[in-house]
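Comments concern the structure below.
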Amino acid sequence: FMIENHPNEYVYFNEINGGIKGAYGKYDTDYYMNSIRKTSEWFKNSEMFKNASKDKKILLATNAVDPVNWYFRNDTDKVEIVFTKWDAQGNPKTRSARDWDYGIFFSRTIDPAMMLSGCFPSDKAIYKNSVDDVPLSVVIERKNKADYYGYLAMQQNNLPLADSLFHDAINYNPQNEEVALWLLQVELNLKKYDEALKYAVRYTELCPDMNYQVYQLIGQLYQQKGDMQNAQQYLNKANYLQQQMQEEQQKQQQK
């Protein structure tokens, strides 16, 4: 393991407990962002980077801004670094709300639910720096920016335009949980309740057990449809998740 995975050998986990595959989604792996160097080197050897120029700069998003800034410190004529969170609801620096062309992301700050569902790194990863098939850091290609333009339209309260752009974005990347959540919000405001339900359920598939309020909303939408069985199922799940969250908050306060 040590030789095969140098220089990332410090991500070793005991094989009795399933190794790094068993740890994925439960524990931090590349907590020192060590893998970012190799991932940055891969990008610098890519055709995209070679074809970039002062007049055609690449907007490079990352949630590992310090090492990425360092590795591209001599390439400011080709690349502009854009600090971007992978998923941060309500934060204007979340990835779909930012303008970028390619992204270098690592898993440390990403919710485990997204990692286990495949939402991270998604099928838009064109390079994965992995250990035993577990991605430490990746390069994401963004050929379609409809999510970004949809976000701008939503901020300007142009909901019909946002609706159209978000549908384009979710068709381009069905694993984009941010767009699924924004579509839920837009459809509710447009009173398209069946569509809102569709994207609420989609969000829970991409981010299972993350947001109890979405489960509550699904339950309420099923109630409106008269589907009391599904309504009760989702409301029960919402109550369970809310209770878990409150218990965790109490534990943190007691420390």
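Let's see how each residue does on (1) in the same structural domain as Ser96 (by TED's automatic domain parsing); (2) buried (at least 16 other Cβ atoms within 10 Å of the Cβ); (3) farther than 28 Å from Phe105 by Cβ; (4) β-branched (Val, Ile, Thr):
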residue	(1), (2), (3), (4)
Asp163	no, yes, no, no
Asn189	no, no, yes, no
Thr204	no, yes, no, yes
Cys207	no, yes, no, no
Ile218	no, yes, yes, yes
Leu221	no, yes, yes, no
Gln232	no, no, yes, no
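Condition test on Leu184, is it surrounded by 14 or more Cβ atoms within 10 Å (Cβ to Cβ), outside the structural domain of Gln89 (by TED's automatic domain parsing) and in contact with a Leu (Cβ under 6 Å, 6 or more places away or on another chain)?
It is false that Leu184 is surrounded by 14 or more Cβ atoms within 10 Å (Cβ to Cβ), outside the structural domain of Gln89 (by TED's automatic domain parsing) and in contact with a Leu (Cβ under 6 Å, 6 or more places away or on another chain).
Report yes if Val68 is assigned to a strand (DSSP E or B), without any contact (Cβ under 8 Å) to a residue 60 or more places away in the chain, more than 23 Å from Leu241 (Cα to Cα) and of a type in the set (A, V, I, L, M, F, W, C), otherwise no.
The answer is no for Val68.
Of Gln224, Gln242, Gln250, which residue is polar (S, T, N, Q) and without any contact (Cβ under 8 Å) to a residue 24 or more places away in the chain?
None of the others qualify; the one that does is Gln250.
Please go through region 73-99 and give me each residue that is in contact with an Asp or Glu (Cβ under 9 Å, 6 or more places away or on another chain) and surrounded by 18 or more Cβ atoms within 10 Å (Cβ to Cβ), ordered by number.
Selection gives Val82, Trp86, Asp87, Arg95, Ser96, Ala97.
Name the one entry in Ala61, Ala88 that is in contact with a helix residue (DSSP H, G or I) (Cβ under 8 Å, 6 or more places away or on another chain), at pLDDT 85 or above and closer than 30 Å to Leu183 by Cβ.
Criteria check complete, one pass: Ala61.
Among the residues of region 154-210, write down those that are small (Gly, Ala, Ser) and farther than 22 Å from Asn144 by Cα.
Ala196, Ala200 - these are the residues of region 154-210 that are small (Gly, Ala, Ser) and farther than 22 Å from Asn144 by Cα.
Within region 91-111, how many residues turn out to be modelled with pLDDT of 95 or more, among the aromatic types (Phe, Trp, Tyr) and either more than 29 Å from Ala162 (Cα to Cα) or not in a loop (DSSP other than H, G, I, E, B) (or both)?
The total comes to 2.
Suppose we filter Met48, Met114 for residues that are part of a helix (DSSP H, G or I), over 14 Å from the mean Cα position of the chain (by Cα) and in the same structural domain as Tyr32 (by TED's automatic domain parsing); which single one remains?
Met48
Taking region 234-255 on its own, how many of its residues are crowded, with 16+ Cβ neighbours inside 10 Å and of a type outside the set (A, V, I, L, M)?
2
Looking at this structure, is Lys124 within 17 Å of Lys85 (Cα to Cα) and surrounded by fewer than 22 Cβ atoms within 10 Å (Cβ to Cβ)?
Taking the combined requirement at face value, the residue satisfies it.
The values are calculated or read from the model by the stated rules, or taken from the named source; none is laboratory data. Quantities reported herein were computed from a predicted structural model and do not represent experimental measurements. Please note: Cβ atoms are built from the backbone with ideal geometry, for glycine as well, and neighbour counts cover all protein chains shown.
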